[in-house]
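J.: Submitted below is the structure of interest, expressed as structure tokens.
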Ligand SMILES: *Cc1c(COP(=O)(O)O)cnc(C)c1O
């Protein structure tokens, strides 16, 4: 078996134990005589898979009883439209924090439905920091406040949230399940699965039930959270196989000791990589120390001319998908839950060797 260390930003690494279980169950899922892909979503086997995944996720995140968990399609990108369509109600404006590439996409889409008040922006630092809480210009009339908890491209992560009267909405696509959170602080959380949950094609939404049922009347049924909630995410055919794999990932996370345990591993992984960057005069981080993401770690080399050689050597060492996003340059290592600590150790020693040879 030739598995590489995969630092992809998404779709991203999955736990090898999960892939092995999926492989073992591929032809015959627990005596059903068929794979999960071939099953009716109404079958007792699949309904049990769906219910277990839902309750395991609720347990991992300690989701309060008055929240609904939805398993949808359309990616996090469709949530950029579903959130305003469902949560504006009779309000005409919403607050958005602008911390990078993903927030701006959410802002642009919301602008089709309402007045967007950008509460603060870190554009001046090329999104290398999070605007301090006390600079956010909140609007008392906002229907909700939207934030991106972790900017996957820029590599900044929110560590504090304001107390607001309106519902707080968070795009957690790239840091959900990486550490414990207090779900009760949020009105709605959404995440595309392909970073820290499972395969692409699935989007998880966790929403306070009070917020359901207020979609504007022209909202297509498929974009109405209430329709999906009433149908237990099966108002049409859900992404069954992705839901099953997500369920295996939730069980794997529970076996690791849950979010407290994985958060410690994630903190250690990130500290090793940032430590390697900070103690060298060769590598640099474009992100302010306090706002650095534990999941997506961009770093640059002293000369972009070296990038190609760095990537080629990394690939040869089994370290793959390290090329940074073009808007940031350099490298980006995504350290999601399924990326083992050994991957970070291998990356750090490759970086040290490359610096010795080229620095
Ligand atoms: C990947 C990502 C998205 C987009 O997800 P899709 O599933 O491709 O729509 C949105 N927000 C964040 C923070 C992301 O990391």
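The values are calculated or read from the model by the stated rules, or taken from the named source; none is laboratory data. A quick note: this is a predicted structure, and the numbers were derived from the prediction, not measured. Reconstructed Cβ throughout: ideal geometry from the backbone, glycine too, with neighbour counts over all protein chains shown.
J.: Can you find, within segment 200-226, the residue that is farthest from residue 81 (Cα to Cα) among those that are assigned to a helix (DSSP H, G or I) and within 16 Å of the ligand (Cβ to nearest atom)?
T.: 222
J.: With the requirement that a residue be buried (at least 17 other Cβ atoms within 10 Å of the Cβ) and in contact with a strand residue (DSSP E or B) (Cβ under 9 Å, 6 or more places away or on another chain), what does segment 328-339 give you?
T.: Across segment 328-339, the qualifying residues are 328, 330, 331, 332, 333, 334, 335, 336, 338, 339.
J.: Whether any residue in segment 101-114 is in contact with a strand residue (DSSP E or B) (Cβ under 6 Å, 6 or more places away or on another chain), outside any helix (DSSP H, G or I) and away from the ligand (no atom under 13 Å from the Cβ) is what I want to check.
T.: Yes, some residue in segment 101-114 is in contact with a strand residue (DSSP E or B) (Cβ under 6 Å, 6 or more places away or on another chain), outside any helix (DSSP H, G or I) and away from the ligand (no atom under 13 Å from the Cβ).
Condition check ((1) in contact with a strand residue (DSSP E or B) (Cβ under 9 Å, 6 or more places away or on another chain); (2) surrounded by 21 or more Cβ atoms within 10 Å (Cβ to Cβ); (3) assigned by TED's automatic domain parsing to the domain that holds residue 263) across all residues:
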{"site": "139", "(1), (2), (3)": "yes, no, no"}
{"site": "154", "(1), (2), (3)": "yes, yes, no"}
{"site": "159", "(1), (2), (3)": "no, no, no"}
{"site": "169", "(1), (2), (3)": "yes, yes, no"}
{"site": "182", "(1), (2), (3)": "no, no, no"}
{"site": "194", "(1), (2), (3)": "no, yes, no"}
{"site": "214", "(1), (2), (3)": "no, no, no"}
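J.: With respect to residue 247, is the statement that it is touching a helix residue (DSSP H, G or I) at 6+ places or on another chain (Cβ under 7 Å), part of a loop (DSSP other than H, G, I, E, B) and not assigned by TED's automatic domain parsing to the domain that holds residue 336 true?
T.: no
J.: Can you confirm whether residue 81 is part of a helix (DSSP H, G or I), modelled with pLDDT of 95 or more and touching a strand residue (DSSP E or B) at 6+ places or on another chain (Cβ under 6 Å)?
T.: Taking the combined requirement at face value, the residue does not satisfy it.
J.: For segment 227-242, state whether one or more residues are in contact (Cβ under 8 Å) with a residue 40 or more places away in the chain, within 16 Å of the ligand (Cβ to nearest atom) and touching a strand residue (DSSP E or B) at 6+ places or on another chain (Cβ under 6 Å).
T.: Yes, there is a match, as at least one residue in segment 227-242 is in contact (Cβ under 8 Å) with a residue 40 or more places away in the chain, within 16 Å of the ligand (Cβ to nearest atom) and touching a strand residue (DSSP E or B) at 6+ places or on another chain (Cβ under 6 Å).
J.: Let me ask something additional. When residue 260 is evaluated against the numbered criteria (1) more than 18 Å from the chain's Cα centre (by Cα); (2) in a helix (DSSP H, G or I); (3) farther than 16 Å from residue 51 by Cβ; (4) more than 16 Å from the ligand (Cβ to nearest atom), which criterion, by number, is the only one it fails?
T.: Of the numbered conditions (1) more than 18 Å from the chain's Cα centre (by Cα); (2) in a helix (DSSP H, G or I); (3) farther than 16 Å from residue 51 by Cβ; (4) more than 16 Å from the ligand (Cβ to nearest atom), the odd one out for residue 260 is (1).
J.: Now, a different point. Within segment 175-199, how many residues turn out to be near the ligand (Cβ under 9 Å from one of its atoms) and within 20 Å of residue 251 (Cβ to Cβ)?
T.: The number of residues fulfilling the criteria is 4.
J.: Would you confirm, using the coordinates I've provided, whether residue 153 is assigned to a helix (DSSP H, G or I) and at negative phi?
T.: No, not satisfied.
J.: Separate question: Would you confirm, using the coordinates I've provided, whether residue 3 is without any contact (Cβ under 8 Å) to a residue 60 or more places away in the chain and outside the structural domain of residue 181 (by TED's automatic domain parsing)?
T.: yes
J.: Which is touching a helix residue (DSSP H, G or I) at 6+ places or on another chain (Cβ under 8 Å), closer than 19 Å to residue 297 by Cα and in contact (Cβ under 8 Å) with a residue 60 or more places away in the chain, of 169, 130?
T.: Just one listed residue meets the conditions, 130.
J.: Right, next: Quick one: residue 69 ticks every box in (1) within 16 Å of the ligand (Cβ to nearest atom); (2) under 19 Å from residue 202 (Cα atoms); (3) not in a helix (DSSP H, G or I) bar one, so which box is it?
T.: Only one criterion in (1) within 16 Å of the ligand (Cβ to nearest atom); (2) under 19 Å from residue 202 (Cα atoms); (3) not in a helix (DSSP H, G or I) is unmet by residue 69, namely (1).
J.: Take residue 208 and decide whether it is outside the structural domain of residue 166 (by TED's automatic domain parsing), modelled with pLDDT of 95 or more and more than 30 Å from residue 27 (Cα to Cα).
T.: Considered against the rule, which asks whether it is outside the structural domain of residue 166 (by TED's automatic domain parsing), modelled with pLDDT of 95 or more and more than 30 Å from residue 27 (Cα to Cα), residue 208 comes out as no.
J.: Can I ask one more? Out of segment 169-189, which residues are outside any loop (DSSP other than H, G, I, E, B) and more than 13 Å from residue 85 (Cβ to Cβ)?
T.: 170, 171, 183, 184, 185, 189 - these are the residues of segment 169-189 that are outside any loop (DSSP other than H, G, I, E, B) and more than 13 Å from residue 85 (Cβ to Cβ).
J.: Considering only residues that are surrounded by fewer than 18 Cβ atoms within 10 Å (Cβ to Cβ) and away from the ligand (no atom under 16 Å from the Cβ), look in segment 74-100 and name the one that is farthest from the chain's Cα centre (by Cα).
T.: 90
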